[in-house]
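Novice: This is the structure, below, for whatever I ask next.
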Amino acid sequence: MRLAAVDIGSNTVHALVADVVRGRLVDVAHYVEMPELGAHVARTGAVGARAKPVIRALRSVVARARTHGYEVLIAGATEAVRQASDRDAFAREAGEAVGTTLHVIRADREAELSFLGVASKHAHRREWLMVDLGGASTEIVIGNGRKMVRSATLPIGSGVFASTYFSDPPKPEERARMRRAALRELAHAPDAEVVRLVVTGGTATNLPLLLSKRKPPAVLTTRLMDPVKDRSAILKVALALTCVVLVIETAGGLVSHSLALLSDAGHVLTDVFALGLAWFAVSQANRPADLRRSYGYHRVSILAALVNAVTLIVIVIAIAFEAV
């Protein structure tokens with residue numbers, strides 16, 4: 001059996017075509033348009049004039065899905081339509097446009113449906129966390145195996161938050177305000193000791209592409225998301241080994257009265273300085289952002305590179321001066 005589902009979200013309109021094979025869904029095709037309804041509803045409280053581009057996007061994805069010969073079409077809408085004062089009129093118009101009923105899904109039902117889809121592939125036998133980060137809302141579910149334990153829907157969405165708090169490009173104070181708003185809402189999230197986090201939604205789908213467009217990772221680990229910490233450990237080891245070499249060469253040069261060893265020890269000393277500076281910069285970059293430094297301490301790395309470059313230039317000038 002071939003099914004098609006269309007979802008009017010806060011950022012996008014999605015259409016998915018899938019075959020039912022031994023009780024599981026196998027993807028056939030996926031189409032998406034981005035009318036960005038959520039920001040408009042958040043600003044005006046209604047779908048209003050935005051209905052035409054949204055329905056145009058809806059017709060477009062359904063027409064492309066129809067080429068795959070689905071037997072049943074299911075249509076749903078989530079937070080943006082849910083919050084609109086004219087949702088019933090819009091739902092009727094959208095349903096007529098694609099020839100089926102458009103279901104405006106309740107927040108708790110949206111969380112349940114998201115969880116069922118994610119749990120079918122990513123459930124863990126111990127407690128785990130599912131986060132569905134959408135354009136206008138975020139559904140958070142604590143699961144145990146394929147069973148929902150508790151859930152919450154928070155008014156945190158990538159599209160609505162971006163349109164509410166950001167100019168282009170975002171200013172540090174705008175990022176700080178958005179972070180404060182998100183933290184206020186996250187205080188209402190269910191608490192648990194989980195062993196796995198699975199994030200779904202358009203924002204989550206695009207995160208791997210920020211790491212690599214050619215080969216995006218299938219699973220995001222803390223190592224992939226924050227490789228700076230790995231570099232810090234490697235630099236610490238390299239610094240320690242270089243210090244050992246420095247001590248050995250210096251001692252050997254003094255004992256054997258070897259100018260060559262002492263000269264190379266001076267060279268190694270500059271390596272120790274460079275590695276120490278790099279390790280300090282990376283360690284500072286690992287410090288968390290705060291309200292005053294919403295970008296964190298990543299600029300320390302840039303300043304360290306500047307100091308390293310200036311030091312190298314000074315050394316070259318000094319050698320050239322002595323040579324002359």
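Novice: Filter the range 181-210 for residues that are touching a helix residue (DSSP H, G or I) at 6+ places or on another chain (Cβ under 6 Å) and either loosely packed, with under 14 Cβ neighbours inside 10 Å or over 24 Å from P35 (Cα atoms) (or both) and give the result.
Specialist: Scanning the range 181-210 gives a single hit, V198.
Novice: So, D108, is that one part of a helix (DSSP H, G or I) and over 25 Å from V61 (Cβ atoms) or not?
Specialist: yes
Novice: Going residue by residue through the range 105-120, is there one that turns out to be touching a Leu at 6+ places or on another chain (Cβ under 6 Å), without any contact (Cβ under 8 Å) to a residue 60 or more places away in the chain and surrounded by 20 or more Cβ atoms within 10 Å (Cβ to Cβ)?
Specialist: Looking through the range 105-120, none of the residues is touching a Leu at 6+ places or on another chain (Cβ under 6 Å), without any contact (Cβ under 8 Å) to a residue 60 or more places away in the chain and surrounded by 20 or more Cβ atoms within 10 Å (Cβ to Cβ).
Novice: Still on this structure, please answer the following. Take the range 155-176 and flag every residue that is surrounded by fewer than 16 Cβ atoms within 10 Å (Cβ to Cβ) and farther than 22 Å from E139 by Cβ.
Specialist: Matches in the range 155-176: F166, S167, D168, P169, P170, K171, P172, E173.
Novice: Inside the range 235-288, can you point out the residues that are among the charged types (D, E, K, R) and touching a helix residue (DSSP H, G or I) at 6+ places or on another chain (Cβ under 7 Å)?
Specialist: Hits for the range 235-288 are K236, E249, D264, D271.
Novice: What is the one condition in (1) part of a helix (DSSP H, G or I); (2) modelled with pLDDT under 95; (3) over 22 Å from L133 (Cα atoms); (4) not basic (K, R) that F90 does not satisfy?
Specialist: The number of the failed condition is (2).
Here is a yes/no grid of residues against (1) touching a Phe, Trp or Tyr at 6+ places or on another chain (Cβ under 6 Å); (2) at pLDDT below 85; (3) farther than 24 Å from W128 by Cα; (4) not in a helix (DSSP H, G or I):
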| position | (1), (2), (3), (4) |
| --- | --- |
| P190 | no, no, no, yes |
| V219 | no, yes, no, yes |
| R231 | no, yes, yes, no |
| A240 | no, no, yes, no |
| I248 | no, no, yes, no |
| L261 | no, no, yes, no |
| G296 | no, yes, yes, yes |
| A305 | no, no, yes, no |
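Novice: Please enumerate the residues belonging to the range 157-187 that are touching a Ser or Thr at 6+ places or on another chain (Cβ under 6 Å), of a type in the set (G, A, S) and part of a helix (DSSP H, G or I).
Specialist: S158, G159, A176
Novice: Turning to a different aspect of this structure: For the range 70-83: of the residues being of a type in the set (G, A, S) and modelled with pLDDT of 95 or more, which is nearest to G157 (Cα to Cα)?
Specialist: Top of the filtered list is A77.
Novice: Then there is this: Look through the range 263-290, keep the residues that are of a type in the set (S, T, Y) and farther than 17 Å from I313 by Cα, and return whichever of them is modelled with the highest pLDDT.
Specialist: S263
Novice: Quick check: is even one residue across the range 133-142 at pLDDT below 90, part of a helix (DSSP H, G or I), within 19 Å of the chain's Cα centre (by Cα) and not assigned by TED's automatic domain parsing to the domain that holds V13?
Specialist: Looking for residues that are at pLDDT below 90, part of a helix (DSSP H, G or I), within 19 Å of the chain's Cα centre (by Cα) and not assigned by TED's automatic domain parsing to the domain that holds V13, one finds none in the range 133-142, hence no.
The values are calculated or read from the model by the stated rules, or taken from the named source; none is laboratory data. What you see is a predicted model; the values in this text were computed from it and never measured. Neighbour counts are summed over all protein chains in view; Cβ atoms, including those assigned to glycine, are modelled from backbone coordinates with ideal geometry.
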